[in-house]
Every structure is written in structure tokens, then in C-alpha cells.
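**Q** Sharing a structure with you now.
Since every read-out is calculated from the coordinates, none of them should be taken as a lab result. Small disclaimer: the values here were computed from a predicted structure and weren't measured. Using ideal geometry, Cβ is built from the backbone for each residue, glycine included, and neighbour counts are taken over all protein chains shown.
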Amino acid sequence: MYVQLICKDRNEKEMNELYEVLGALCEREGVQIEDRGASVEILVCPQGKIVVTEDDMTMVMTANTRHAGAGFHAFVVDLFKDIEEEVPGEYELIDDLEYANDEDFHRLHHVYENELDYIRKLLLTDPAFRQKNYLYDETYFLPMEKENRVLTSIGDMDRDTFMHKELHDLMDAFYVWNDWDRDARFYRNAALTLLAKEGVGAYTNMNEQTKKVANEVCDDLEIAHEKDPELPLPVKEYTELVDLLGRENKLKDAPKMEKDAIQYRTEDVYHLFDDARIVAPGAAERSYDPITKSVNLMAPYTDDGQWSWLIQASTHPDIVTNRKALEEQEPELVDGKSIWFDDWMEDGYYVLEAMLRYDNRTLYFHDVAVSEREIPYLKQCVRQSGFMSE
């Protein structure tokens with residue numbers, strides 16, 4: 001599910017003209033366009049973006065539409081056709097769903113329903129598929145599995161309900177844009193997806209990016225309420241955000257959703273790294289050390305700047321400082337994994353090292369904590385970590 005527009009044989013002046021038209025069209029449609037250096041990104045919705053790249057005298061605009069929905073796919077096709085009309089030149093428009101040929105949105109919507117039916121069957125029958133990133137267009141974390149629950153992009157669902165729910169009624173749980181227009185449900189879905197994928201709750205004011213996301217969530221919910229005052233919204237989460245941001249509360253009379261909105265990053269999640277899954281809070285600050293080939297996850301902190309622990313994980317043993325002592329420990333057996341632990345105090349900090357082995361693969365940990373009371377939690381994170389294909 002993708003759409004691509006290839007703009008062929010363009011000199012520098014013609015390239016600049018294309019960018020100018022793109023900017024004007026984005027302003028018309030009310031979507032963001034951002035220069036990333038090697039590419040330009042048009043951010044249409046939380047699960048849908050258009051990436052613009054250059055190759056010699058060719059400009060290529062590409063959108064993966066699998067996760068955003070039929071509305072986004074149709075939007076991209078229409079945008080690309082507008083570009084073809086506005087700027088003369090040679091083009092090649094590629095649409096694997098052929099909406100560009102018939103512009104039959106009803107048929108296009110059924111394509112996404114069929115795709116969701118296929119995903120549902122896999123989720124109900126294939127444990128390995130449930131460990132893959134079927135939720136988001138791109139992410140470095142996945143929500144942790146819950147027994148007899150199915151994870152969706154806007155929250156988990158009872159397995160039996162998921163199995164018997166009508167496909168049309170299930171669409172909002174997997175796609176952001178399901179109708180032709182960006183209606184109230186579109187904006188609610190966008191806000192719920194942002195809350196799930198990016199929400200960091202009490203840590204919203206941690207940096208400028210989280211503030212930007214929080215403001216976008218609030219904007220989307222206010223637009224949804226304006227378009228349909230009867231549509232139930234995540235009022236609780238909205239109120240928390242406007243209080244943190246110092247915004248005016250514009251949803252005081254809005255009906256509330258029955259369930260709280262899911263914010264995966266306020267919970268423990270699987271942080272994806274190579275073929276490993278490292279368990280830590282979703283709001284943990286993440287960095288990568290290319291020398292030790294390790295991922296570093298620091299506990300989320302509030303404005304006082306106090307940190308409580310740091311997890312360093314790698315498939316290479318270099319991060320372990322006392323491997324001999326670690327291997328001398330009696331291993332635990334957890335869900336088919338053998339895990340060795342060793343902990344001690346050093347220079348006023350508590351150190352936990354661990355080695356997790358599953359089949360012929362090994363994962364190493366070097367964790368540091370301010371307080372000894374953090375060690376049991378860090379050990380539990382190790383026990384729940386593992387590999388993608390267990």
C-alpha cells in the first residue's frame with residue numbers, strides 16, 4: 001500500500017519550482033512540511049507522511065499508506081495529481097491500489113477492510129506476528145503483550161470482542177483516516193494515536209518535542225469537538241495536558257469516552273534494538289553508543305533533573321565489566337531463557353550486570369542505579385526482555 005510520484009528530468013530551477021508548489025499545497029491543506037536535510041517530509045497525520053528525495057535530476061515523492069488508512073491514500077493521490085497539473089513536466093504516478101485510475105473511494109475502503117481482516121486472522125492465530133510492528137508506520141518501541149488482549153493503535157481490546165467485531169467498526173482502532181474527509185473521527189483518531197505512540201504523561205514538559213506533541217493532541221481534540229460536539233473524547237487526558245501546558249480548557253462540555261485513552265509510553269514497553277526487545281518505560285530517554293554497540297535507556301525525569309537509573313543493553317559483551325563473576329552466578333530459568341545476575345555497590349552507585357541467553361543468542365546488560373530499591377525493578381526488566389522471534 002503505497003503511492004509514488006516520480007518527477008523526471010528536472011534542473012535546479014524546476015526542482016525549486018516543485019518545492020514551491022509543494023509548500024503552497026501543504027499550506028492549502030493545512031499540513032506540515034519539514035526539511036530533514038537529506039529529504040523533505042510532509043506530515044499529514046500521525047500514521048501518514050510523504051517523503052521527498054532527490055536523485056540526480058529526479059525528484060521522488062513516496063508515501064507508505066498501509067497504516068494511515070484509505071483517506072490518506074486518496075489524499076496522497078489527489079495531492080500528486082494536483083502537482084502534475086500545477087507544474088509541467090514528465091511524471092510517473094505509481095499507485096499499487098489503483099485508486100489513481102478509478103478514484104473509487106468505496107472500493108478503496110474495502111481494500112483496507114480486507115487488509116484488516118487479514119491482520120485480524122494473523123493476530124488471532126500467529127504468536128510471532130503479534131511480536132511484530134503491525135501497529136505503527138515507524139517506531140522504536142512496541143507495547144507489551146497482555147493476556148487475552150489484542151493491542152491496537154489506540155488501546156488494547158478484549159480478544160473475544162476483537163474476534164467478533166464488524167470490520168467497519170474495527171477500522172478506527174487500526175487506521176487514522178477512514179473516510180474521505182478529515183472529519184471529527186479523523187481528528188479524534190489522530191489524537192488517540194499520538195497519545196498512544198508519543199504521549200508521555202507527567203513528563204510532557206521534559207523537552208520541546210514532547211511539548212509539541214502535547215499541543216498537537218490538544219489541537220486535534222479541539223477540532224474534533226468543534227466538528228462534532230456529540231463525539232466522545234478522551235477528556236481526562238486532554239485536561240491533564242492543558243493543565244501541564246497552561247492552555248485554556250475548551251472541552252469542558254465534551255462527552256467523555258468510556259475508557260481512558262492508552263498512553264503506551266507511560267507504561268513499560270519493548271524498546272526495539274537489533275533483533276532484541278529491551279523492557280523499560282516508554283518515556284525513557286534513548287541513545288545509542290556506536291563504540292560498544294549498545295542502546296542506553298535512562299529513567300524519565302521531571303523538571304528537577306534527577307535520574308534514578310540507566311539501562312545499557314547490547315548483543316556484544318563489551319559493556320559487561322566483570323564477566324567472569326557474572327558467569328559464576330547460578331542462572332535463573334525464565335520462559336525458556338537462562339539469565340545470570342550480579343550486582344554490587346561502586347562509588348556510591350548500585351551496579352547490576354546481567355546476561356540473558358535464548359537458544360544461541362545472548363543479550364548483555366550493564367545497569368546503574370542511584371538507589372538499591374531500583375535493583376528489583378531493573379532485574380524484572382531483564383527477565384521480561386528477550387528477542388523478537390522467541
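**Q** Please give the charge dipole size of region 267-387, origin at the Cα centre, charges +1 on K and R Cβ atoms and -1 on D and E Cβ atoms. Round to the nearest 20 debye. Don't skip to the end; give the middle numbers.
**A** Numbers: 11 positive and 23 negative charges, 80 e Å.
Charge dipole of region 267-387: 380 debye, to the nearest 20.
**Q** R0 = 45 Å: FRET efficiency of GLU248 with GLU12, Cβ-based, nearest 0.05?
**A** Step by step, r from the Cβ atoms, then E = 0.45.
**Q** In addition: Can you give the log10 of the normalised intensity I(q)/I(0) at q = 0.17, 0.18, 0.22 Å⁻¹, computed with Debye over equal Cα scatterers of region 107-251?
**A** Log10 I(q)/I(0), no solvent term: -1.03, -1.12, -1.39.
**Q** To the nearest 10 degrees, how steeply does helix 235-245 sit against the main Cα axis of the chain, on a 0 to 90 scale?
**A** Rounded to the nearest ten degrees, it is 80.
**Q** Place the peptides 81-89, 286-294 in order of packing, highest mean first, counting for every residue the other Cβ atoms within 10 Å and averaging per peptide. Mind showing how you got there, number by number?
**A** Working: 81-89: 14.1, 286-294: 12.6.
In descending order of packing, they fall as 81-89, 286-294.
**Q** Positive end of the charge dipole of region 267-387 (Lys, Arg +1 and Asp, Glu -1 on Cβ, about the Cα centre): tell me which of LEU310, MET298, PHE365 has its Cα farthest that way.
**A** Comparing the listed Cα positions along the dipole, PHE365 ranks first.
**Q** Place a +1 charge on the Cβ of each Lys and Arg in the chain and a -1 charge on the Cβ of each Asp and Glu, then give the dipole magnitude about the Cα centre in debye, rounded to the nearest 20.
**A** Numbers: 42 positive and 83 negative charges, 266 e Å.
My answer is approximately 1280 debye.
**Q** Among GLU240, GLU258, rank each residue by its count of other Cβ atoms within 10 Å, from fewest to most, as a rough exposure measure.
**A** Details: GLU240 17, GLU258 6.
Going from sparsest to densest Cβ surroundings: GLU258, GLU240.
**Q** Next up: Only sites in a loop by DSSP and with at most 16 other Cβ atoms within 10 Å count here; which trypsin sites (Lys or Arg not before Pro) in region 229-265 make the cut?
**A** Numbers: sites: LYS236, ARG247, LYS250, LYS252, LYS256, LYS259, ARG265; in loops: ARG247, LYS250, LYS252, LYS259.
In loop regions of region 229-265 (DSSP not H, G, I, E or B), the sparsely surrounded trypsin sites (Lys or Arg not before Pro) are ARG247, LYS250, LYS252, LYS259.
**Q** State which entries of LYS236/LYS337; LYS236/LYS293; LYS165/LYS227; LYS8/LYS293; LYS121/LYS252; LYS8/LYS49 exceed 31 angstrom in Cα-Cα distance in the structure shown.
**A** Details: LYS236/LYS337 40 Å; LYS236/LYS293 41 Å; LYS165/LYS227 27 Å; LYS8/LYS293 40 Å; LYS121/LYS252 40 Å; LYS8/LYS49 22 Å.
LYS236/LYS337; LYS236/LYS293; LYS8/LYS293; LYS121/LYS252, as the Cα separations exceed 31 Å there.
**Q** Label points 7 Å out from Cα along the Cβ direction at PHE105 and ASP289: separation in nm?
**A** 5.3 nm
**Q** So how do CYS45, CYS218 line up by other beta-carbon neighbours within 10 Å, fewest first?
**A** Values: CYS45 25, CYS218 22.
Least to most surrounded, the residues fall as CYS218, CYS45.
**Q** Could you list TRP309, TRP344 in order of exposure, starting from the residue whose Cβ has the fewest other Cβ atoms within 10 Å? Can you show the working numbers first?
**A** Numbers: TRP309 22, TRP344 11.
Fewest-to-most Cβ neighbours within 10 Å comes out as TRP344, TRP309.
**Q** Right, next: Each residue of region 250-266 in turn: what ³J(HN,Hα) in whole Hz from Karplus with 6.51, -1.76, 1.60 and θ = phi - 60°, glycine and Pro shown as x?
**A** Listing the rounded values in order: 9, 10, 4, 9, 7, x, 8, 5, 5, 10, 5, 5, 7, 10, 4, 7, 8 Hz.
**Q** Please quote Rg/Rh for region 293-390 to two decimal places, taking the Kirkwood radius as Rh and restricting both calculations to Cα atoms.
**A** Working: Rg = 13.4 Å, Rh = 13.9 Å.
Rg/Rh: 0.97.
**Q** Related question: Work out the charge dipole of the chain with +1 on the Cβ of Lys and Arg and -1 on the Cβ of Asp and Glu about the Cα centre, then indicate which of LEU251, ASN148, LEU122 is farthest towards its positive end.
**A** Positive-most Cα among the choices belongs to ASN148.
**Q** Beta carbons within 10 angstrom, averaged per residue: use that to sort the peptides 157-164, 108-115, highest first.
**A** Values: 157-164: 13.1, 108-115: 17.8.
Ranking the peptides 157-164, 108-115 by packing returns 108-115, 157-164.
**Q** Can you compute the FRET efficiency between SER389 and MET345 using 1/(1 + (r/R0)^6), with r the Cβ-Cβ distance and R0 = 51 Å? Round to the nearest 0.05. Can you show the working numbers first?
**A** Details: r = 37 Å, r/R0 = 0.72.
About 0.90, to the nearest 0.05.
**Q** Starting from the Cα of ASN133, move 7 Å in the Cα-to-Cβ direction to define the label point; list residues of region 349-371 whose amide nitrogen is under 12 Å from there.
**A** none
**Q** Given R₀ = 30 Å, FRET efficiency for ASP359-ASP55 by Cβ-Cβ distance, to 0.05? Let's see the in-between values first.
**A** Numbers: r = 41 Å, r/R0 = 1.38.
With R0 = 30 Å, the Cβ-Cβ based efficiency is 0.15.
**Q** I'd like the distance separating the alpha-carbon centroids of region 93-139 and region 291-355, in whole Å.
**A** When both Cα centres are located, 39 Å separates them.
**Q** I would also like to ask the following. Taking the Cα-to-Cβ direction at GLU86 and at GLU372 and moving 7 Å from each Cα, how far apart do the two end points lie in nm?
**A** It works out to 6.6 nm between the two label points.
**Q** To continue, here is another question. In nm, to one decimal, how far is the modelled label at ARG28 from the one at ILE94, with both set 7 Å along Cα→Cβ?
**A** So the two model labels end up 2.6 nm from each other.
**Q** I've got another one for you. Place the peptides 219-230, 142-153 in order of packing, highest mean first, counting for every residue the other Cβ atoms within 10 Å and averaging per peptide.
**A** Numbers: 219-230: 18.3, 142-153: 16.6.
Ranked by mean Cβ neighbours within 10 Å, highest first: 219-230, 142-153.
**Q** Still on this structure: Rg(Cα) of the chain divided by 2.2 N^0.38 Å? Write down the numbers at each step before the final one.
**A** On the way: Rg = 23.5 Å, N = 390, 2.2 N^0.38 = 21.2 Å.
Taking N as the residue count of the chain, the ratio is 1.11.
**Q** Against the longest alpha carbon principal axis of the chain, how many degrees, from 0 to 90 and to the nearest 10, is the axis of helix 184-198 turned?
**A** 30 degrees
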